[in-house]
Amino acid sequence: MKTSPVNLTEKEYLLPGNRVCPGCALSLAYRHILKALDGQVIVTVPASCLTVLHGMYPVTSVTVPCVNTPFASTGASATGLVAGLKALGKKDLTVLAIAGDGGTHDIGIQALSGAAERQSDFIYVCYDNEGYMNTGNQRSGSTPLGAISGTTPILGKQQNQKDMTEIMEAHGIPYVATANASYPLDLYEKVRKAKAIEGTRFIHVFTPCPPGWRFPFSDTIRIGELAVQTGWDVLYEVENGAFRLTSASEPIARKGNLRPVREYLAEQGRFKNITEEQISELQARVNARWQRCLDRATNL
Amino acid sequence: MLGSKAGTQILDGNHAAAVGAKLSRVQVIAAYPITPQSPVTEKLSEYVEGGNLKAEYVAVESEHSALAVCSSASLVGARTFTASSSHGLAYMHEMLHWVAGTRLPVILACVNRAIGAPWNVLNDQQDSISQRDTGWIQIYARTNQEILDSVIQAYKIAETVYVPVMVCYDGYILSHTEMPVDVPSPRDVDSFLPPYKPHTILDPANPRNYNLVTLANPRVNAEGVLCHGYMEIRYLLQEALQNAGETIASVGREFGGLFGRSYASMLWEYSLDDAEIVIVAMGSLAMEAIVAADTLRDEGHRVGVLGLRVFRPFPKSDVVTALKKARLVVVFDKNISYGSEGATCSEIKSALYGSGANAVIRNFVVGLGGRDIKARELAGAVNKSLPALKEGVLNDEYPEWICHI
Ligand SMILES: Cc1ncc(C[n+]2csc(CCOP(=O)(O)OP(=O)(O)O)c2C)c(N)n1
Ligand code: SF4
């Protein structure tokens, strides 16, 4: 049965009134991730905006067991939870590691790569707000070309993003997917699917960040949608090597109506100093990836 | 069935540590190889793969991850073990703080090795001393027997006071040197060491959120109850270490009752009764010091040895008692707090302050990067300190290095 707002579980594991900024896509994504795991989960979280979302001792906004772990250690912490549960013969619990792009693409890549190579049995979610937001929006390995951040304050970032999902796919893990907070039901279904699979599962979630990307708080959903409509973010999953476009990316592929990346960039203050050359480079990058996805898709 | 026979075996120090972990029925092991600790990782892998130890062995990609694995595994209720040395231990630094702050009874065998630059794989104690302030209990072994015994005791200590324990032993001098070791039977160890009972556990049936951002000041929870701030939580760690001495001693006494080797004191004392001159050393050097003391006694000096078994918590009052009659205390350090002096010497001085002791204290930095240090040199350093005793100059600003400069 397809998940719809009608049959989506009502139970909340993320309480309202948490400490994220208004319009934070992370909060929306996390809510649906936890719903998909039915509360039968142990979560490990490194330093990030998610730490802030979780609250300040002795008050927390989540009703699932959780451990905060040092910034670089998420993949290893998840491995430890899995190993401990296994040693004690405790089955039926999902271990969820969830980290930002800084904690995934940069400082945490070693621990994550090691865990994936060991086929450690957990779901890893990278929520990608394309910068170190917790520390005030500095550049990360996922900050796009041309974007202004605290450490690329005038010229904007001079390098392209690294594609962490492809890096994770190269680990030969059984499930890799991309998702987007503006498409929470697609995200929900991917987490449900990942839950049933054994081994390291990686889900990249696109989470627009109003203050960091400089767009109005009320536009989060639209920005996320625009990212998909322009092919900046492509929704897909790779299950045991089989690639499928999912959710909104699938009809776009069928109709061939990708919008220009320029429309997406123009909505965000972080790209205010971007050059025409950079826009062309970004468009070419988006086109190339889109073509790769079309070539690989088994469901078109 | 643990697969090892009880009784005397010829073991090197690394093997003794691995046997200690196995007898303690560790459930999760995560470690990363580094000279001279690597054989510990290989031995434990062999036990697990061979079906002689029912545990999860996680071959992590770094030491930081090794301790992160142990930390999280401990939080779901598993007994955990890791081992490292030198750069590996330094690489764990952040996690060492985290594990102690979370009050997890993780046990780490530290095979003491020099730290770069420049590269050096041989022994000194700079690695574990550099982790002094991370909130771990530190026990130093003098022999391979003590390594095995200390690992087993470490679990009981850690799981009583909820403070992680580092069992330190000298690289090569112990790690790669074979000695007869009395290996207790699994059944006896089981009667000494009950299964791990975690103080807290991650479980959806009773969800908790560990190590949230914690403010400096106490803060009320949803029920209006005032809960600790960061500082109170950190005070409790200090309090646990301050009080850990009693547990360390009682566990050591109980161990002695069962196995015939008592560890009821945090110190090793040799010929202190009539000693005017006391040599202080830690680890295998404390054994070498006994030979030096005997030589010096033959030369007519009344010399004893104070071996530091436990460095954290530092047994201040025991040290004061042990050094009460000393007129000259010669402290040997296989470490240096650059710009100051050897770490154990600072501790001795700090312990004696205000105790009424009036001993001359001399500090020698020795054996760095595996520089050979023999009883002869220890005795020579004591002889060299005798004029200071005559002159009554209590303190020296900086230590003397036994090296070629
Ligand atoms: C070892 C270490 N270095 C630096 C920090 C400071 N720090 C905390 S969160 C953070 C950035 C997090 O960025 P990301 O993972 O992208 O998550 P976000 O805050 O964007 O949600 C940094 C640099 C830290 N906690 N630990
Ligand atoms: S900075 Fe961005 S990611 Fe962080 S809480 Fe605010 S909106 Fe969310």
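Look at A:Ile42 and say whether it is at pLDDT 95 or above and part of a strand (DSSP E or B).
yes
Quick one: in region B:61-94, which of the residues that are closer than 28 Å to B:Pro186 by Cα and either in a loop (DSSP other than H, G, I, E, B) or among the acidic types (Asp, Glu) (or both) is farthest from the other protein chains (Cβ to nearest Cβ)? Before the answer, list the steps.
Just the residues of region B:61-94 that are closer than 28 Å to B:Pro186 by Cα, to begin with: B:66-67, B:69-85.
Of the ones still in play, those that are also either in a loop (DSSP other than H, G, I, E, B) or among the acidic types (Asp, Glu) (or both) are B:76-79, B:85.
Values: B:Val76: 4, B:Gly77: 6, B:Ala78: 4, B:Arg79: 8, B:Ser85: 19 Å.
Top of the filtered list is B:Ser85.
Across region A:40-52, which residue is farthest from the other protein chains (Cβ to nearest Cβ) among those that are more than 16 Å from ligand 2 (Cβ to nearest atom) and within 20 Å of the chain's Cα centre (by Cα)?
A:Val43
A quick yes/no check of all residues on (1) under 20 Å from B:Arg103 (Cα atoms); (2) touching a strand residue (DSSP E or B) at 6+ places or on another chain (Cβ under 6 Å):
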position: A:Val20; (1), (2): no, no
position: A:Val41; (1), (2): no, yes
position: A:Ala47; (1), (2): yes, no
position: A:Val52; (1), (2): no, no
position: A:Pro58; (1), (2): yes, yes
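Of all residues in region A:62-74, which are touching a residue at least 40 places away in the same chain (Cβ under 8 Å) and within 15 Å of ligand 1 (Cβ to nearest atom)?
Listed by number, the list holds a single entry, A:Thr74.
Hey, can you tell me all the residues within region A:94-141 that are within 14 Å of chain B (Cβ to nearest Cβ) and within 13 Å of ligand 2 (Cβ to nearest atom)?
Within region A:94-141, A:Ile98, A:Ala99, A:Gly103, A:Asn134, A:Thr135 meet the criteria.
Does A:Ser182 satisfy being in contact with a Gly (Cβ under 8 Å, 6 or more places away or on another chain), more than 26 Å from A:Glu276 (Cβ to Cβ) and buried (at least 19 other Cβ atoms within 10 Å of the Cβ)?
Here the answer is yes, as A:Ser182 does meet what is asked.
When residues of region B:384-405 are filtered for being in contact (Cβ under 8 Å) with a residue 24 or more places away in the chain, of a type outside the set (A, V, I, L, M) and not in a loop (DSSP other than H, G, I, E, B), how many remain?
Count: 3.
If you go through region A:234-247 one residue at a time, do you hit one that is over 20 Å from A:His204 (Cβ atoms), surrounded by fewer than 17 Cβ atoms within 10 Å (Cβ to Cβ) and at pLDDT 95 or above? Spell out the reasoning first.
Let us first name the residues in region A:234-247 that are over 20 Å from A:His204 (Cβ atoms), namely none.
No, the conditions are met nowhere in region A:234-247.
Considering only region B:23-59, state which residues are surrounded by 24 or more Cβ atoms within 10 Å (Cβ to Cβ), assigned to a helix (DSSP H, G or I) and within 14 Å of chain A (Cβ to nearest Cβ).
The one that is surrounded by 24 or more Cβ atoms within 10 Å (Cβ to Cβ), assigned to a helix (DSSP H, G or I) and within 14 Å of chain A (Cβ to nearest Cβ): B:Leu44.
Has region A:207-226 got at least one residue that is within 18 Å of the chain's Cα centre (by Cα), surrounded by fewer than 20 Cβ atoms within 10 Å (Cβ to Cβ) and within 16 Å of ligand 1 (Cβ to nearest atom)?
yes
Looking only at residues that are more than 7 Å from every other protein chain (Cβ to nearest Cβ) and within 24 Å of A:Ala111 (Cβ to Cβ) in region A:53-77, which one is farthest from ligand 2 (Cβ to nearest atom)?
Step by step, filter region A:53-77, then rank; the result is A:Gly75.
One line per residue, one yes/no per condition, for (1) crowded, with 22+ Cβ neighbours inside 10 Å; (2) aromatic (Phe, Trp, Tyr); (3) modelled with pLDDT under 95; (4) outside any helix (DSSP H, G or I):
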{"site": "B:Lys156", "(1), (2), (3), (4)": "yes, no, no, no"}
{"site": "B:Val167", "(1), (2), (3), (4)": "yes, no, no, yes"}
{"site": "B:Leu174", "(1), (2), (3), (4)": "yes, no, no, yes"}
{"site": "B:Pro180", "(1), (2), (3), (4)": "no, no, no, yes"}
{"site": "B:Asn217", "(1), (2), (3), (4)": "no, no, no, yes"}
{"site": "B:Gly224", "(1), (2), (3), (4)": "no, no, no, yes"}
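Residue check: is A:Lys90 more than 16 Å from ligand 1 (Cβ to nearest atom), at the interface with chain B (Cβ under 10 Å from one of its Cβ atoms), assigned to a loop (DSSP other than H, G, I, E, B) and surrounded by fewer than 24 Cβ atoms within 10 Å (Cβ to Cβ)?
Yes; evaluated as a whole, the condition is true for this residue.
Tell me which of these B:Asn358 doesn't satisfy, since it passes every other one: (1) farther than 19 Å from B:Gln126 by Cα; (2) in a loop (DSSP other than H, G, I, E, B); (3) at pLDDT 95 or above.
Looking at each condition in turn, B:Asn358 falls short on (3).
Please verify whether region B:115-123 includes one or more residues that are polar (S, T, N, Q) and part of a loop (DSSP other than H, G, I, E, B).
yes
Being more than 22 Å from B:Val189 (Cβ to Cβ), away from every other protein chain (no Cβ under 14 Å) and in contact (Cβ under 8 Å) with a residue 60 or more places away in the chain: is that true of B:Thr8 here?
The answer is no for B:Thr8.
Of the residues that make up region A:14-32, is at least one facing chain B (nearest Cβ under 10 Å) and away from ligand 1 (no atom under 15 Å from the Cβ)?
No, region A:14-32 contains no residue that is facing chain B (nearest Cβ under 10 Å) and away from ligand 1 (no atom under 15 Å from the Cβ).
Can you tell me which residue is nearest to B:Arg25 (Cα to Cα) among those in region B:83-101 that are among the hydroxyl-bearing types (Ser, Thr, Tyr) and buried (at least 24 other Cβ atoms within 10 Å of the Cβ)?
Taking region B:83-101 as the starting set, the residues that turn out to be among the hydroxyl-bearing types (Ser, Thr, Tyr) are B:84-86, B:91.
Of the ones still in play, those that are also buried (at least 24 other Cβ atoms within 10 Å of the Cβ) are B:84-86.
Values: B:Ser84: 19, B:Ser85: 23, B:Ser86: 26 Å.
Looking at residues that are among the hydroxyl-bearing types (Ser, Thr, Tyr) and buried (at least 24 other Cβ atoms within 10 Å of the Cβ), I get B:Ser84.
Suppose the filter is assigned to a loop (DSSP other than H, G, I, E, B), in contact with a Gly (Cβ under 6 Å, 6 or more places away or on another chain) and either at pLDDT 95 or above or β-branched (Val, Ile, Thr) (or both); does B:Ile373 pass it?
yes
Can you name every residue in region A:53-80 that is closer than 20 Å to A:Gly114 by Cα and part of a helix (DSSP H, G or I)?
A:Phe71, A:Ala72, A:Ser73, A:Thr74, A:Gly75, A:Ala76, A:Ser77, A:Ala78, A:Thr79, A:Gly80
Go over the candidates A:Tyr132, A:Tyr127, A:Tyr175 one by one and state the one that is hydroxyl-bearing (Ser, Thr, Tyr), touching an Asp or Glu at 6+ places or on another chain (Cβ under 8 Å) and closer than 22 Å to A:Pro22 by Cβ.
Matching residue, one of A:Tyr132, A:Tyr127, A:Tyr175: A:Tyr127.
Which one is farthest from A:Ala36 (Cα to Cα) among residues in region A:93-110 that are assigned to a helix (DSSP H, G or I) and among the polar types (S, T, N, Q)?
My answer is A:Gln110.
The values are calculated or read from the model by the stated rules, or taken from the named source; none is laboratory data. Quantities reported herein were computed from a predicted structural model and do not represent experimental measurements. Virtual Cβ from ideal backbone geometry, glycine too; neighbours counted across all protein chains shown.
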